[in-house]
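The values are calculated or read from the model by the stated rules, or taken from the named source; none is laboratory data. In this text, all values refer to a predicted model and were calculated from it rather than measured experimentally. Neighbour counts are summed over all protein chains in view; Cβ atoms, including those assigned to glycine, are modelled from backbone coordinates with ideal geometry.
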Amino acid sequence: MEQVGASPGLIPLGTTVSFAKTIGETDIYLFAGISGDFSPNHVNAEYMAGTRYGRIVAHGVLTIALMSTCSTKIVEQADLGRTVVSYGYDRVRFVKPVFVGDTITVVYEIVAEDLDKAQTRASVMATNQHGEVVAVATHILQYL
């Protein structure tokens, strides 16, 4: 993957956006309904009280949705005049649980480009209000 200066038509390397949201109980229950993931980890407080977490945890994919918010923001901010789509996420890791009341901040930075494939890659990191990393991923944008 080539990592040279800004290329015409691609979001420049080093471009960064962020987004923060406090996760509410409603977010988790609505996400369960949308996704169909009604695991007791996410919707059964009594069950989770008996686990090492002691309470329900947000879906990891809900954190990925916040990452997607940042990819949308960075494309809108760049205003390239061309279509840019998500090509997917690589190396996704859910490092720590996200609980009701946690404020999650996602930082999304363009770190590499592949001119032959018309793609950029972003380093994406989600942290909680204590500065602890809760999720990481690499996101690929495809330029059409």
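Please name all residue pairs, on different chains or six or more residues apart, with Cβ atoms under 6 Å, provided the first residue is in segment 1-20 and is within 20 Å of Asp116 (Cα to Cα) and the second residue is at pLDDT below 60 and not acidic (Asp, Glu).
From segment 1-20, the pairs are Pro12/Ala6.
Pick from segment 23-50 the residues that are in contact (Cβ under 8 Å) with a residue 12 or more places away in the chain and in contact with a Phe, Trp or Tyr (Cβ under 9 Å, 6 or more places away or on another chain): which of them is surrounded by the fewest Cβ atoms within 10 Å (Cβ to Cβ)?
Asn44
Residues Tyr89, Tyr53: which one is surrounded by 12 or more Cβ atoms within 10 Å (Cβ to Cβ), closer than 14 Å to Thr138 by Cα, in contact (Cβ under 8 Å) with a residue 24 or more places away in the chain and aromatic (Phe, Trp, Tyr)?
From the options Tyr89, Tyr53, the qualifying one is Tyr89.
Considering only segment 64-83, I want to know if a residue exists there that is crowded, with 20+ Cβ neighbours inside 10 Å and closer than 26 Å to Pro40 by Cβ.
Checked segment 64-83: at least one residue is crowded, with 20+ Cβ neighbours inside 10 Å and closer than 26 Å to Pro40 by Cβ.
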